[in-house]
Amino acid sequence: MKKTIKEQKMVLIILLSNIFIAFLGIGLVIPVMPSFMNDMNLSGKTMGYLVAAFAVSQLLLSPIAGRWVDRYGRKIMIIIGLVLFGISELVFGLGTHVSVLYVSRILGGFSAAFIMPAVTAYIADITSIEERPKAMGYMSAAISTGFIIGPGVGGFIAEYGIRMPFFFAAAIAFVACISSIFILKEPLTKSQLEEISANTKQSSFFSDLKRSLNPRYFIAFVIVFVLAFGLSAYETVFSLFSDHKFGYTPKEIAAIITISSIFGVVVQIFMFGKMVDKLGEKKVIQLCLIIGAVLAVGSTLVSGFWAVLAVTCLIFLAFDLLRPALTTFLSRAAGKEQGFVAGMNSTYTSLGNIVGPAMGGILFDVNIHYPYLFAAVIMVIGLGITFMWKEEQFIESN
């Protein structure tokens, strides 16, 4: 009989800390972008590509890393991922040429490709079917929190030097690695790993991608892509936009993002369940897309610190409510295909994280308002797609 979550609190804390640290690394770069642009004479397009490089490398390695997790074990892949992450952050902090920064972000993407499936599988192995949704919810919260507060943490630490956030991230990654070595134990035996590995050989990345086109999931995955695109494009351009238009410092940018993040998380904790009960997942998703699109346009019109803060708070809230609404639907629709759906969720998120920053950076070089306007168009398209989402699909998925 598997132990309860309370009985495995320390193991879960280590696992959630590992996944949090991995996604913290994605956002750390954002508030110091203007300083890096100025110091190294980089364009907005280059900075967008730099953020997207993380997601590209994660996407490419994820299928292989997932199979290695089943073949060699969960613990060793977590440790390798943390070591790669620590190295990537250290390299970024020491880098003085853009090519070195690209190498750093690619290594960071590789680390996330190892850590995410390994932690997901580890949690699934040690939890009962009844408690697994709760544990996976914790993991989702760790991912969201890491990705969203990364810019805030990076901005505040950057007060001590624009490279300090990366040295800090490297340090906590190595501490997490050492903790994992001594506290985590491989949850599966060698024979169990061999059995799982034999089963996973039957699938491939492209066959999984084809399965994701099933109407039961596809529209939800498209919205996952839209969410990742919108959030990553907004965050990537936000610091550059705030610096160029308002002259905000990294600390001011970090303050806006951190306050907005806290606001979104608090409302999510206390209001999300009630909203879904009253409106249902579909209407919550549509409402969030409408709010996101309107405020993306509004971001180009407002001025003044408090107005920018208010708009940013509401946009983050829309994203924070949209993510769990999608996750709830997908987990209900998945049935016995939880692993497949979780993997494809990660794939479509990575695709959004690739396209969002890249397009945001390109459009920023043309006009600083264009990334927000384009994000609004994408969210309107996503809203239109949800009207193809029949209520019967929710019923059939139960």
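Can you give the FRET efficiency to the nearest 0.05 for R71 and V98, using r as the Cβ-Cβ distance and R₀ = 35 Å?
In this case the efficiency is close to 0.45.
Can you work out the FRET efficiency for the pair M388 and Y160, with r the C-beta to C-beta distance and R0 = 35 Å, to the nearest 0.05?
It comes to 0.10.
Once fully extended, how much extra length lies between F305 and I181, figured as 0.36 nm per residue of separation less the alpha-carbon to alpha-carbon distance?
Length gained between F305 and I181: 40.1 nm.
Output the peptides 379-385, 77-83, 216-222 sorted from most to least packed, where packing is the average of other Cβ atoms within 10 Å over each peptide's residues.
Ranking the peptides 379-385, 77-83, 216-222 by packing returns 77-83, 216-222, 379-385.
Listed here are the pairs K75/K190; K75/K185; K9/K274; which of them are more than 18 Å apart at the Cα?
K9/K274
Would you kindly state how much longer the chain becomes between I262 and I290 on full extension, computed as 0.36 nm times their sequence separation minus their alpha carbon distance, in nm to one decimal?
Extra length from I262 to I290 when fully extended: 7.9 nm.
Bear in mind these aren't lab numbers, they're just calculated from the coordinates by the rules spelled out. Remember, it's a predicted structure, so these values are computed and weren't measured experimentally. FYI the Cβ positions are ideal-geometry reconstructions off the backbone, even for glycines, and counts take in every protein chain you see.
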